[in-house]
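The values are calculated or read from the model by the stated rules, or taken from the named source; none is laboratory data. Source: prediction; values computed, not measured. Virtual Cβ from ideal backbone geometry, glycine too; neighbours counted across all protein chains shown. To get the accessible areas, we keep the full protein, side chains included, count just its heavy atoms, and leave off ligands, DNA and RNA. Shrake-Rupley method; radii C 1.70, N 1.55, O 1.52, S 1.80 Å.
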Amino acid sequence: AKLNLVVEGAELRGSTVARWRDIAAAEDERLASRRRLQDARRQERDIGVRVGFPLPHQGACKHFAKSHRWLRFPCCSRAFPCDQCHDAGSDHPFEWATRALCGH
């Protein structure tokens, strides 16, 4: 038989406890980042971004009519036709894109 003891209002202290809290926080951030990436890829698939097929509207947007490529932004791991489309479709400002998706 095991005994579980609950003490309300008690706080654990020490370097080991602090280290485990840091590890748990880092793991939570890693899982949240992975979840954001999966959501971004799901949204791209839902709007028609698929390997081996042209991008929607041949990669063009209202800001760039002959772009033929989308940019993947590292801030949210999502792909948009341009930085202005990113800012219009996101709740945060863009960071410089690090990858491009070809529209042909």
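Restricting attention to the stretch 1-33, the residues that are open to solvent by 90 Å² or more (accessible area, probe 1.4 Å), modelled with pLDDT under 85 and within 20 Å of residue 76 (Cβ to Cβ) total 0. Pairs meeting the criteria (first residue in the stretch 20-41 and among the small types (Gly, Ala, Ser), second residue modelled with pLDDT under 90, beta carbons under 6 Å, at least 6 apart or on different chains) are 40/77; 40/78. When the stretch 46-104 is filtered for residues that are of a type in the set (A, V, I, L, M), under 27 Å from residue 33 (Cα atoms) and in contact with a Gly (Cβ under 9 Å, 6 or more places away or on another chain), the ones remaining, listed by number, are 55, 101. Among the residues making up the stretch 60-73, none is of a type in the set (D, E, K, R), more than 19 Å from residue 95 (Cα to Cα) and surrounded by 13 or more Cβ atoms within 10 Å (Cβ to Cβ).
Restricting attention to the stretch 34-59 and to residues that are in a helix (DSSP H, G or I) and touching a helix residue (DSSP H, G or I) at 6+ places or on another chain (Cβ under 9 Å), the residue that is most open to solvent (accessible area, probe 1.4 Å) turns out to be 47. Checked against the criteria, residue 83 does not count as open to solvent by 70 Å² or more (accessible area, probe 1.4 Å) and among the charged types (D, E, K, R).
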